[in-house]
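The values are calculated or read from the model by the stated rules, or taken from the named source; none is laboratory data. Here the structure is a predicted model, which is why all the values come from computation and not from measurement. We work out accessible area using only protein heavy atoms, side chains counted, and drop any ligands, DNA or RNA first. Shrake-Rupley method; radii C 1.70, N 1.55, O 1.52, S 1.80 Å.
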Amino acid sequence: QVQLVESGGGVVQAGGSLRLSCTGSGRTINNYAMGWFRQAPGKEREFVAAISRIGGATYFSDSVKGRFTISRDKAKNTVYLQMNSLKAEDTAVYYCAADRDLARDMGTKSQSGIDYWGKGTLVTVSS
C-alpha cells in the first residue's frame, strides 16, 4: 500500500507563488509516475501536471503551462508542485496521485484507473 500526504497549501495573492509537497509512505513512490490534479468548488477534478518515474519527463495542462513546475526528490520520497504567477482561477483543492502507468497518459486516462490518491490540500488565490 502507498499513502500520499499533500502539504503546502494556503492563501496567496494573485501573482504570488506557492510550493506544494506530496510525500509517500508505506511502499516507495519512486516506482510510480506521479501527478497533480485539482478540483475547484462545483467543478470536476482536472489534471494539472505529471512526472515520469525517473523524473526526466514532465507534462502540464494548457492552463498552467509556463507557470507551474513539477519535480521529485527520490531520496525524500516526495513530489513537488511549484506554482508561480498564481491566478484566482487556480483556487482549488490540489491532489497528488501515483500511478504504475505512463505519466504521459495521466491527463487523459480515467481517473478511476489511477492507483493512489492523497486527500488534498487547499490553495486559495485572492485578488
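Take the Cα pairs of the chain, get the Kirkwood Rh, then feed it into Stokes-Einstein at 10 °C and 1.306 mPa s and tell me D in µm²/s.
111
Can you work out the accessible area per residue across the chain, with the rest of the protein chains kept in place, probe 1.4 Å, in square angstrom?
51
Go ahead and set up a Gaussian network model of the chain, Cα springs under 10 Å, then flag whichever of Gly26, Gly55, Gly42 fluctuates most.
Judging by the Gaussian network model, the answer is Gly42.
Round to a whole number: what % of the accessible area of the chain belongs to carbon and sulfur, probe 1.4 Å?
48
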